[in-house]
Amino acid sequence: MSDTAGTVIFEGTQATSAQPDSVLLPGHDVPLGRYTVVRRLLPLRQRRMVGAWCFVDHFGPVDITGQPGMQVPPHPHTGLQTVTWLAEGEILHTDSLGNSQPIRPGQLNLMSSGAGISHSEQSPPERPPIMHGLQLWVALPEHARHGEPRFDHYADLPQLQIGDATVTVVVGEMGAAASPALVHTPLLGAEIRLDGGGQVSLSLRPEFEHAVLVMDGDTDVDGTQLGSGSLLYLGEGADEVTIEAADASRLFLIGGLPFDEPLVMWWNFVGRTHEEIAQARADWMSEARHSRFGTVHGCVDDPLPAPDLPNVRLKARDRFGQTVA
Ligand code: MN
């Protein structure tokens, strides 16, 4: 790690920036299901959250012709919302509430676990050749995390033309546009496309913290060179971000009020204590599975078994990664 001209740079990256307090965070590859590798951009050792956004995976673009593609069997969630966003391809979501919902580019699948839900995510047999997208998690605050599960598909989201960009407001508000997506903390998620390259300056809420990730293209974000598969944390207090690209580019902007509740994140669960996570795991691995997490009908694959808990107690961490007693 080094600190050069205001940007803290991790793991051999070479960007510099005049913008203080921005942090360039390269993701790392992790397997998802049996056939898919994703780039994990949150949580990272250096940063765990951006607002209530607590998990960001970027997958593809990858040609899955003749391949299984994404095949994630039924698995549970607690304490979070999943946000699925595609640039290309198609994925079928099937959940324990009885929803079977294909998602295509420009649409939002938003699943709220409440105290428990289960779902599968699969590339359907008939689908476009390229798979490219994001899956993000939003931590539910205390007042929303014990509630009923629900699933919402949003086929039409507001778009803005700003500068050279087409901005789709996926979650939250930007300018005069507000997403209908139901979230429980002040939050922003927006896709920014510069289809012919160019420049755009976007107004930001200074009470939020923000980060930008690049899905496609080589871009300049507030003076920092940012290529596909990296996340630039913009910090708190920024009131504007400027993005430039020579060629076609696609980025995703996330932001939100800093999330002050320490979390325990383990496997597919977000909780507050070791005991909560251990209970969720025990429920999933026993007959209690069906009453707590429901049953995913219409997916032929067996449910995913939970991994073993570590031998040490899971600790809650605040948004800076510090453990709390
Ligand atoms: Mn999932």
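The values are calculated or read from the model by the stated rules, or taken from the named source; none is laboratory data. In this text, all values refer to a predicted model and were calculated from it rather than measured experimentally. Neighbour counts run over all protein chains shown; Cβ positions are idealised from the backbone, glycine included. Keep in mind that these areas ignore ligands, DNA and RNA; they rest on the heavy atoms of the full protein, side chains included. Shrake-Rupley method; radii C 1.70, N 1.55, O 1.52, S 1.80 Å.
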Taking every pair of distinct Cα atoms and averaging 1/r, then inverting, what Kirkwood hydrodynamic radius in Å comes out for the chain? 20.1
I'd like to check one number: the per residue accessible area of the chain, probe 1.4 Å, reported in Å² as a whole number. 42
Report in % the part of the accessible area of the chain that belongs to carbon and sulfur, leaving out ligands and nucleic acids; probe 1.4 Å. 48
Which residue, 258, 322, 274, has the largest displacement toward the positive end of the dipole of the chain when charges sit on each Cβ (Lys, Arg +1; Asp, Glu -1)? 274
Per the helix-only model, the chain has a calculated mean residue ellipticity at 222 nm (DSSP H runs of ≥4, -39500 (n - 2.57) each, divided over all residues, rounded to the nearest 500) of -1500 deg cm²/dmol
Rounded to the nearest 10 degrees, the helix 274-284 long axis (Cα) sits at an angle to the longest Cα principal axis of the chain of 60
For 148, 173, give the ranking by accessible area with the largest first, probe 1.4 Å. 148, 173
Could you calculate the FRET efficiency of residue 161 with residue 302 from 1/(1 + (r/R0)^6), where r is the beta carbon distance between them and R0 is 41 Å, rounded to 0.05? 0.30
Counting Lys and Arg as +1 and Asp and Glu as -1, what is the net charge of the other residues whose Cβ lies under 11 Å from the Cβ of residue 182? 0
Give me the percent of DSSP beta bridges within the chain that run antiparallel, rounded to the nearest 5. 95
Nothing charged except the Cβ atoms of Lys and Arg (+1) and of Asp and Glu (-1): what's the magnitude of the dipole of the chain about its Cα centre? Round to the nearest 20 debye. 920
Order of exposure, largest accessible area first, which applies to 219, 242 with probe 1.4 Å: 242, 219
Theoretical FRET efficiency, 1/(1+(r/R0)^6), r = Cβ-Cβ of residue 248 and residue 63, R0 22 Å, to 0.05: 0.75
Measuring from centroid to centroid over Cα atoms, what is the spacing of the stretch 127-162 and the stretch 43-111 in Å? 8
Among 74, 35, 22, whose Cα projects farthest towards the positive end of the dipole of the chain, with charges put on the beta-carbon of Lys, Arg (+1) and Asp, Glu (-1)? 74
Non-local residues with an amide H under 5 Å from the amide H of residue 70, with H modelled 1.01 Å from N and Pro and chain starts lacking one, are 123
Karplus ³J(HN,Hα) for the stretch 133-144 (6.51 cos²θ - 1.76 cosθ + 1.60, θ = phi - 60°; Hz, whole; x = Gly/Pro) runs x, 10, 10, 10, 10, 10, 5, 7, x, 3, 6, 10
Using a 1.4 Å probe and counting only protein heavy atoms, arrange 184, 77, 28, 143 so the residue with the most accessible area comes first. 143, 28, 184, 77
So how strong a dipole does the stretch 40-188 carry about its Cα centre when Lys and Arg Cβ are +1 and Asp and Glu Cβ are -1, to the nearest 20 debye? 500
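Using the Cβ atoms and a cut-off under 12 Å, what net charge is assigned to the surroundings of residue 33, where Lys and Arg are +1 and Asp and Glu are -1?
-2
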Less than 11 Å Cβ to Cβ from residue 276, Lys/Arg counted +1 and Asp/Glu -1: what total charge do the surrounding residues give? +1
